[in-house]
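Down below is the structure, laid out as structure tokens.
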Amino acid sequence: MVHGTISRLVNEKRFGFIRRTDAPIEYFFHRSPVRGVSFEMLREGQAVGFVAAETTTKGPRTNHVELLPADRSILNPAACDCG
């Protein structure tokens, strides 16, 4: 699994882009490969793990996206210092 951060979200169309941590490459992802949380819970800047899939004419894509443990505090509001 490759690590990156969510660089941009297009909530109304339910897709986004992830920038790899170790390379200046952005990957497209749709809401369907998001695991463990709903797409609506994702935020720009969150750390994610993902599996790179095929590269299309529009660029690289992912077929599996999940939040890394450091950013799972959104799943437990009591653990979040969001105030």
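The values are calculated or read from the model by the stated rules, or taken from the named source; none is laboratory data. Model, not experiment: these values are computed from the prediction. Note that we place each Cβ from the backbone using ideal geometry, even for glycine, and neighbour counts take in every protein chain shown.
Restricting to segment 1-43, name every residue that is within 16 Å of residue 69 (Cα to Cα) and in contact with a Ser or Thr (Cβ under 9 Å, 6 or more places away or on another chain). The answer is 2, 3, 4, 5, 21. Among the residues of segment 46-57, those that are within 12 Å of residue 68 (Cβ to Cβ) and either in contact with a helix residue (DSSP H, G or I) (Cβ under 8 Å, 6 or more places away or on another chain) or exposed (fewer than 11 other Cβ atoms within 10 Å of the Cβ) (or both) comprise 46, 47, 48. Among the residues of segment 27-57, those that are under 11 Å from the mean Cα position of the chain (by Cα) and assigned to a strand (DSSP E or B) comprise 27, 28, 29, 30, 34, 35, 47, 48, 49, 50, 51. One residue stands out among those in segment 1-26 that are among the aliphatic types (A, V, I, L, M) and in a strand (DSSP E or B): the one that is surrounded by the most Cβ atoms within 10 Å (Cβ to Cβ), which is 18. Return yes when residue 66 is out of contact with any Ser or Thr (no Cβ under 6 Å at 6 or more places or on another chain), closer than 16 Å to residue 13 by Cα and at pLDDT 85 or above and no when it is not. Taking the combined requirement at face value, the residue does not satisfy it. With respect to residue 78, is the statement that it is in contact with a strand residue (DSSP E or B) (Cβ under 9 Å, 6 or more places away or on another chain), exposed (fewer than 10 other Cβ atoms within 10 Å of the Cβ) and modelled with pLDDT under 85 true? So residue 78 does not fit the description; no.
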